[in-house]
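Student: Sharing a structure with you now.
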Amino acid sequence: MLDAFSRAVVSADAKTATLGTAEIASLRSYVAEGNKRLDAVNAITSNASCIVSDAVTGMICENTGLIQAGGNCYPNRRMAACLRDGEIVLRYISYALLAGDASVLDDRCLNGLKETYIALGVPLQSAGRAVSIMKSSATAHINETNSQAMGGTRFRKMETIKGDCSSLVSEAGSYFDRVISALG
């Protein structure tokens, strides 16, 4: 797993050069946004169970055959496996967001995921849809666009550093898109 600093050093080393001004500026930006990055990861991890359960519920509402006899979320142990897998994917996305690098997501989560799901008979389209719903929910939490009206009794407003989080929302979204693409 590479973080922003390791990635800069490895890249410079591959070019047999020292860190340039562009790399140093990128690292300064990474450090300056550190608290917002931590708050974004906290927003995801603090709401992980809700994000995953809502995504699986949404996926099932769109395809009710998944919970009927013979469906991929029937019986309960398959549903539990689906929820577990969603939490694992979300965890690795939060690791990637914290590190500012997708290598941990690629190496430890996505490498062979599609082939494994095909072998297990998991419908890739449904899994991709669940990840898409998780993306919407997680980015709303990062951007604090979640509201009491939408969340009801499970609503939880996170206290974060004030400022523009659009770059972090975009970065997190790209990690979710990576997962969706890997399943496609």
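Where a number appears in this text, it was derived from the coordinates with a stated rule and is not lab data. Every value quoted in this text rests on a predicted model; they were computed, and no experiment measured them.
Student: In percent, what relative contact order does the chain have, based on Cα pairs under 8 Å that are 6 or more apart in sequence?
Tutor: 28 percent
Student: Now a separate question. Cα convex hull of the chain: mean projected area in nm², to one decimal?
Tutor: Over every viewing direction, the Cα hull of the chain projects on average to 11.7 nm².
Student: Using only Cα atoms and rounding to the nearest 10 degrees, what angle (0 to 90) does helix 34-46 make with the longest principal axis of the chain?
Tutor: Rounded to the nearest ten degrees, it is 10.
Student: Now for a different question. Just 133, 24, 93 to compare: in a GNM of the chain, with alpha carbon springs under 10 Å, which one fluctuates most?
Tutor: Highest fluctuation of the listed residues: 24.
Student: While we're here: Would you kindly calculate the translational diffusion coefficient of segment 25-124, applying Stokes-Einstein with the Kirkwood radius from alpha carbon pairs, for 4 °C and a viscosity of 1.567 mPa s, and quote it in µm² s⁻¹ without decimals?
Tutor: Approximately 85 µm²/s, per Stokes-Einstein.
Student: Under the rule of -39500 (n - 2.57) per DSSP H run of 4 or more residues, summed and divided by the residues of the chain, what mean residue ellipticity at 222 nm is obtained, to the nearest 500 deg cm²/dmol?
Tutor: When only DSSP H runs of four or more count, the value is -22000 deg cm²/dmol.
Student: A further question follows. Relative to the longest principal axis of the C-alpha atoms of the chain, give the angle of the C-alpha long axis of helix 21-32, reported between 0 and 90° and rounded to the nearest 10°.
Tutor: Compared with the principal axis, the helix lies near 60 degrees.
Student: Now a separate question. I want to check a number: in the chain, how many lysine pairs have alpha carbons closer than 27 Å, given a sequence separation of 8 or more or different chains?
Tutor: Close lysine pairs found across the chain: 6.
Student: When the chain is treated as a GNM, springs tying every alpha-carbon pair under 10 Å, which of 69, 127, 48 comes out with the largest mean-square fluctuation?
Tutor: Maximum among the listed residues: 69.
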